[in-house]
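What follows is one structure encoded as C-alpha cells, with my remarks underneath.
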Amino acid sequence: MKKVKVLPTRTVPQGIAAMLSFHADGDFDEVVAAMERRITEVETGDITTAVRSVEIDGVAVKEGQIIGLHNGKMVSAGESPDAVMIDLLGKMNAPDRELLTLYYGNGLTSGTVEKTANVVKEHYDHLEIEIHQGGQQHYHYIFSLE
C-alpha cells in the first residue's frame, strides 16, 4: 500500500515549489518534510487589474488601476505592472531573496515580459529571474520570491 499526504498550500507558486522538491525514491517522511519546508520558503506575488474602486488595509485603488498582492493581501496599487512589481518586491523583502520566478499571463508578449525582467534587474540586480508562460487569464503576473 502506498502512503499519500495532501500538503496544504495557499498559492500556485507554493504548490509548484513543493512539487519540484518531490523525490519519488526518497523516504516518505523525509520527502514530505522537505516539501513542507519548501512551501514555507515561498512568498507569492500577484499583479492584476482592479475590477472596482476600493480601499483595503489602507491601500486605495481605482477601477482599472494595477494592483499588487502579497500572499493574497493587497499591498500595492499603481499605473503600470512594472511600477507595481517594483513596489511589491520591496514590500516582499526582495533584497533578502535570491530567486524570482515569473509566470506571465495571456495577453503579455515576450517583449513586455523581458522589459519587466530588465526593470526588476535595475532595482534588484542580485536576483536570479526565471520566466515561464503561465497562461492565466486575469493576472499579468503570478510570481514566487525565494
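The values are calculated or read from the model by the stated rules, or taken from the named source; none is laboratory data. The structure displayed is predicted, hence computed values, not measured ones. A quick note on method: Cβ atoms are made from the backbone with ideal geometry, for glycine too, and the neighbour counts reach across all protein chains shown.
Quick one: which residue in Thr48, Thr9 is hydroxyl-bearing (Ser, Thr, Tyr), touching a residue at least 40 places away in the same chain (Cβ under 8 Å) and surrounded by 15 or more Cβ atoms within 10 Å (Cβ to Cβ)?
Numbers: Thr9 fails: touching a residue at least 40 places away in the same chain (Cβ under 8 Å).
None of the others qualify; the one that does is Thr48.
Considering each residue of segment 72-87, count those that are outside any strand (DSSP E or B) and touching a helix residue (DSSP H, G or I) at 6+ places or on another chain (Cβ under 9 Å), and give that number. Step through it out loud before you land on a result.
So the first thing to find is which residues in segment 72-87 are outside any strand (DSSP E or B), and the list is 72, 79-87.
Remaining after also requiring touching a helix residue (DSSP H, G or I) at 6+ places or on another chain (Cβ under 9 Å): 81-83, 85-86.
Selection size over segment 72-87: 5.
Hey, among Gly45, Gly64, Gly58, which residue is farther than 30 Å from Met1 by Cα, of a type outside the set (S, T, N, Q) and under 20 Å from the mean Cα position of the chain (by Cα)?
When all the criteria are applied, what remains is Gly45.
Quick check on Glu41: is it within 22 Å of Gln14 (Cβ to Cβ), touching a residue at least 60 places away in the same chain (Cβ under 8 Å) and not aliphatic (A, V, I, L, M)?
Details: within 22 Å of Gln14 (Cβ to Cβ): yes; touching a residue at least 60 places away in the same chain (Cβ under 8 Å): yes; not aliphatic (A, V, I, L, M): yes.
Judged against the criteria, Glu41 is a match.
I'd like to check something: does segment 62-85 contain any residue that is over 17 Å from Tyr141 (Cβ atoms), surrounded by 12 or more Cβ atoms within 10 Å (Cβ to Cβ) and among the polar types (S, T, N, Q)?
no
Can you tell me which residue is nearest to Asn93 (Cα to Cα) among those in segment 1-58 that are part of a strand (DSSP E or B) and of a type in the set (D, E, K, R)?
Glu43
Quick one: which residue in Glu114, Glu130, Glu98 is farther than 21 Å from Lys73 by Cα and touching a Ser or Thr at 6+ places or on another chain (Cβ under 6 Å)? Outline the logic, then answer.
Values: Glu114 fails: touching a Ser or Thr at 6+ places or on another chain (Cβ under 6 Å); Glu98 fails: touching a Ser or Thr at 6+ places or on another chain (Cβ under 6 Å).
On inspection, the qualifying residue turns out to be Glu130.
Give Gly90, Gly68 a once-over and let me know the one that is part of a strand (DSSP E or B) and modelled with pLDDT of 95 or more.
None of the other options fit; the residue is Gly68.
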